[in-house]
Amino acid sequence: MSATWFLAGAIYSERMHDLSIADWSRLDSAVKKLWLIEALIGGVVYLGMFAGAGFIVNAAMEDLPFHAGLLGSAVGVGLFALSLYVAGKRFDYWRFLVGEDDLAVAHGIWWRTRIYVPRARIQHVDVTAGPIARALGLAVVSVFVSGHAGAVATIPGLRADAADDLRKSRE
């Protein structure tokens, strides 16, 4: 499988290229629960949208050879099952490594991405958490570098205290 490499800095070393992500840190296991909760909420929304649209179509066109509401419900259930599967797999493929001079993030189920950010290029680090993540004690770390409009790397599933420690160590 091909991998996308992105370096948020001017120096690319062969040491970075040879690193195996098997030894990198994993996200906190509570992030899997967070992603499953988010998938559950999204699945209920999908199911409601597709089933509702199907029943509306069925009511408007009474001579359909099939029940559109049931078809819409089946599509909604399929999308719900897919979102639960992706939430679980997403956790398996997220890794990060905090080094002395750099930060590395690897992720992706179908398209693999590795991001290396030299410490000298880090402009600031944001720590954010939504209501469900806060209830689980999690936070998202976003790393910004000069010359980029948005975050170049994110780590979505650190304990809140570990996220704050990382932010403080990169300042």
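The values are calculated or read from the model by the stated rules, or taken from the named source; none is laboratory data. This structure is a prediction, so every number in the text was calculated from the model and none was measured. Cβ sites come from the backbone with ideal geometry, for glycine too, and all protein chains shown count toward neighbours.
Over 24 Å from Ala39 (Cα atoms) and either β-branched (Val, Ile, Thr) or within 19 Å of the chain's Cα centre (by Cα) (or both): does that describe Val105? Considered against the rule, which asks whether it is over 24 Å from Ala39 (Cα atoms) and either β-branched (Val, Ile, Thr) or within 19 Å of the chain's Cα centre (by Cα) (or both), Val105 comes out as no. If you filter the stretch 96-133 down to residues that are closer than 18 Å to Ala22 by Cα, touching a helix residue (DSSP H, G or I) at 6+ places or on another chain (Cβ under 6 Å) and among the hydrophobic types (A, V, I, L, M, F, W, C), you find that the one that is modelled with the highest pLDDT is Ala106. Would you mind stating whether Leu71 is at pLDDT below 80 and in contact with a Gly (Cβ under 6 Å, 6 or more places away or on another chain)? In short, yes. Restricting attention to the stretch 27-66, which residues are surrounded by 14 or more Cβ atoms within 10 Å (Cβ to Cβ) and not in a helix (DSSP H, G or I)? Matches in the stretch 27-66: Leu27, Asp28.
Note on the stretch 138-171: residues that are at positive phi and of a type in the set (Phe, Trp, Tyr) total 0.
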